[in-house]
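Presented below is the structure to which this report refers.
The values are calculated or read from the model by the stated rules, or taken from the named source; none is laboratory data. Since we're looking at a predicted model, the values are computed, not measured. Here the Cβ is made from the backbone with ideal geometry for all residues, glycine too, and neighbour counts use every protein chain on show. Surface areas here come from the heavy atoms of the whole protein model, side chains and all, with no ligands, DNA or RNA. Shrake-Rupley method; radii C 1.70, N 1.55, O 1.52, S 1.80 Å.
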Amino acid sequence: MSIPESSAFRNIFFAHYPTVHRKLTALVRDEAAADDLAQEVFLRLYRNPPDNPEALGAWLHRVLTRIGYDYLEKKARERKLQNKQEMMYEGEAAPESGEEALMRQMDQEEVRAWLDRLPERDRQALLLRYSGYSYAEIAQELDVRQPLIGSLLQRATRKLQATATKAMARQD
């Protein structure tokens with residue numbers, strides 16, 4: 001089959017476009033994408049028609065299937081890349097504003113002031129725990145038996161809460 005005449009190609013287009021479009025819509029499940037892909041099928045038909053005109057239906061089906069699967073593979077790659085990028089950016093927090101940095105610094109200073117009001121052992125226990133030390137490491141640092149660390153931390157936490165509550169009540 002040679003390059004089609006304008007009227008012959010137009011007749012083929014109008015006869016087969018609805019079927020090609022319907023099959024692509026069913027394959028890719030996107031009406032707008034199916035429109036674009038159907039145009040691609042007919043562009044390929046215009047540029048490189050089949051050798052046997054009687055095999056036009058099979059040729060169109062083979063081409064639309066290949067174009068549809070290529071489109072789906074491209075979309076899958078794009079989704080995979082987007083997911084990878086989202087995962088990469090989830091770990092990165094937005095840069096802290098000056099106001100946020102100041103508020104964080106003020107909060108830290110306030111907590112330090114509350115901690116300074118605690119007995120030395122309680123302050124040390126809390127600082128070690130929130131620095132990531134295990135109960136065994138805290139027991140070793142404070143020279144206390146390990147089974148007592150849980151109770152020591154609970155009491156120190158309650159004392160810190162009471163100190164913070166008193167300080168907050170004085171501010172109001």
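Total residues in the range 122-141 satisfying the condition of being in contact with a Lys or Arg (Cβ under 7 Å, 6 or more places away or on another chain) and more than 19 Å from Val111 (Cα to Cα): the figure is 2. Pairing residues of the range 59-86 that are within 19 Å of Asn48 (Cα to Cα) with residues that are of a type in the set (S, T, N, Q) and loosely packed, with under 15 Cβ neighbours inside 10 Å, at Cβ distances under 8 Å and at least 6 apart in sequence or on separate chains, gives Leu60/Thr19. One residue alone among Phe9, Phe13, Phe42 is more than 44 Å from the chain's Cα centre (by Cα), of a type outside the set (Lys, Arg) and in a helix (DSSP H, G or I), and that residue is Phe9.
Being open to solvent by less than 100 Å² (accessible area, probe 1.4 Å) and in the same structural domain as Leu24 (by the TED database) is a description that does not apply to Leu128.
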